[in-house]
Structures are given as structure tokens and as C-alpha cells.
Amino acid sequence: MRKTFLGVVADLLFPRRCPICDRAVSPFGSLVCEDCRRKPVYIKAPYCMKCGKQLSEEAEYCADCTNRRHLYDAGRAVFAYRSISDSIYRFKYKGRREYGDYYAQCMAESLGRFIAECRPDALVPVPIHRSKKNSRGYNQAQVIAAGLGRLLQIPVDDRLIRRVRRTKPMKDLSAAERQNNLKKAFKICRNDVKLNTIIIVDDIYTTGSTIDAMSYELRRAGVKHIYYVALAIGRGL
Ligand SMILES: [Zn+2]
Ligand SMILES: [Zn+2]
């Protein structure tokens, strides 16, 4: 990635931390340490044709997608969740916003072809509730989407849909509870949505309930093709 002059000065004043080990990145000026680059585990074939989850044996769909109809068309993720969960935790809760550059770079490299084939009109980050954004300072999905949009030259639309209800932390809920938790959680902010194809961007994909809840509203607003990309994906339910 080419750096601006100001970017280089900023790196000198505040050395960039490695998203994997959280120490000053080495060699200087990289997004990730040379040794750390190989640590996160990439999702590779065979993976579910719908959600992109890693499969242990050759099959078309994972158990989840065989049993449940998702409201989006298809999606892909870069890393197995556990191999990068500590990094994502610091990115979300410890102010390591700078990790977003590395995440976007990984997604552009691994999912660039999938994204191009979707032919999206826009990337749409999963919105977080205003109160959460105020306490955290940024929306992690928006940081990733902005980086990805810059690298792939795709517009980012972060004003299309917003989160209107505060939801309970998803990790404590079952799949059915998650879906209930998300009912009416999102609202389209525009009367006239002129987008045919969009890609939703998130940091983690688990059950897909969030992507489904957004897809439900987006389809009602007239969006025809809805995909998702995420940095990491869990191994299943
Ligand atoms: Zn490192
Ligand atoms: Zn699946």
C-alpha cells in the first residue's frame, strides 16, 4: 500500500502496532509483522457456497444453510474466527482502529475477485447504534468498509440504513433469540433507494442473523442483490 507523506510522519510519531501481536510492527512501515502474517488461518475450499463457512468435507452447503433460508444471496469471509479473535477484540474495544488498514488489505486480497463478480453499486457497513458509536468512537464495520472501498474503488454508503434499536449482546443468545433480538433493529433512511446490488461489510459473521435482518429491510426498499463480506467467520453452530 502506498503511503502519503503525512502517513509516514504519523508512523514515525506513533509507531503502528501489529494487529496480531500488538507490538510495534516490524519491519517498520508494514501493516503486519513478517512473522505474524502467517498466523491467522485463512478460510479455504471447501466452504459453504452460501455463507462461506469452512466445511470439513466436500459439500455444497453447511448444516446451518441447509436448514435455514438466509435472506442474502451469498457471502465470503477471510479468516477462521478463532485465529484472529484477540485482534478483533482489541480493534473493537481497545481503540486499535489502525488495525482496520490491515483488515481491509486482507479482504481486498482474498475477496477482491468475489467482490468484483458481485458487481456492487456500493459497500454498506453494518451500522451500530449511536450510543455504542459514541462510547467506542467509531463503527468497526465502517472503518473496514472505508478501507476496502478505497482499495477497490467502490463507493461506501453508510447512510442507507441505521440501527434504531439497541440490541442485547448477541454472544449470549441462541439463534432463535438472535433473530427476535434483531426484529425491527434496522431502518432504511431514504425514501428512494437507487441501488441494485450491494455488499454488506462486517467484522465477524456468526449465524448470519444480522445480515438477514438488514437484508430483509434492504429488499423491502428495492435492493435486488445482497451479498456480504466479513473479516472472520465462526466454524458453525
Ligand atoms: Zn506482530
Ligand atoms: Zn453456510
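We did not get these values from a lab; they are worked out from the coordinates using the rules stated. Just so it is clear, the structure is predicted and the values come from calculations on it, not from any experiment. Note that we place each Cβ from the backbone using ideal geometry, even for glycine, and neighbour counts take in every protein chain shown.
If a/c stays under 1.5 just call it rounded; otherwise compare a/b with b/c (prolate if a/b is bigger, oblate if not). Do that for the range 119-237, with a ≥ b ≥ c from the square roots of the Cα gyration tensor eigenvalues. Here the range 119-237 falls in the rounded category. Cα centroids of the range 43-111 and the range 170-215: 16 Å apart. How tilted is helix 209-220 with respect to the longest principal axis of the chain? Cα atoms for both, answer in degrees (0 to 90, nearest 10). Its long axis makes an angle of about 60 degrees.
Between K94 and Y138, the contour length at 0.36 nm per residue exceeds the Cα-Cα span by 14.7 nm.
Each Lys and Arg contributes +1 and each Asp and Glu -1, all at the Cβ; summed about the Cα centre of the range 1-110, the dipole is approximately 360 debye.
Relative to the longest principal axis of the Cα atoms of the chain, the long axis of helix 140-152 makes an angle of roughly 80 degrees. Think of the chain as having a plus end and a minus end, set by charges on the Cβ of Lys, Arg, Asp and Glu; of G208, L231, S131, S131 sits farthest toward the positive end of this dipole. Ordering Y216, Y103, Y81 by the number of other Cβ atoms within 10 Å of each residue's own Cβ, fewest first, gives Y216, Y81, Y103. By other beta-carbon atoms within 10 Å, ranking S174, S83, S135, S110 with the fewest at the front produces S135, S174, S83, S110.
Dipole magnitude for the range 111-178: computed about the Cα centre from +1 point charges on Lys and Arg Cβ and -1 point charges on Asp and Glu Cβ, it is near 420 debye. Placing +1 on each Lys and Arg Cβ and -1 on each Asp and Glu Cβ, with no other charges, gives the range 40-233 a dipole about its Cα centre of roughly 1040 debye. Taking a straight line from the alpha carbon of K194, these aspartates and glutamates sit under 18 Å away, with near neighbours fewer than eight places off in the same chain left out: D121, D157, D158, E217.
Build a GNM of the chain with springs between Cα atoms under 10 Å apart, and of R82, R38, R178 the one that fluctuates most is R38. Under 5 Å between amide hydrogens, built in the peptide plane, is the criterion, and for A185 it picks out nothing among residues at least 5 positions away or on other chains. Structure remark: mean-square fluctuation, Gaussian network model of the chain, C-alpha springs under 10 Å; the largest value among A77, A59, A185 belongs to A59. Here F114, F186 are placed in order of increasing Cβ neighbour count within 10 Å, fewest first, which gives F114, F186.
Among the lysines, which fall within straight-line cross-link reach of K132, defined as a Cα-Cα distance under 22 Å, with same-chain neighbours fewer than 8 residues apart omitted? Counting by Cα, and skipping residues close in sequence, K132 has these lysines nearby: K92, K94, K168, K171, K183, K184, K187.
With only the Cα atoms considered, the chain has a convex hull volume of 130 Å³ per residue.
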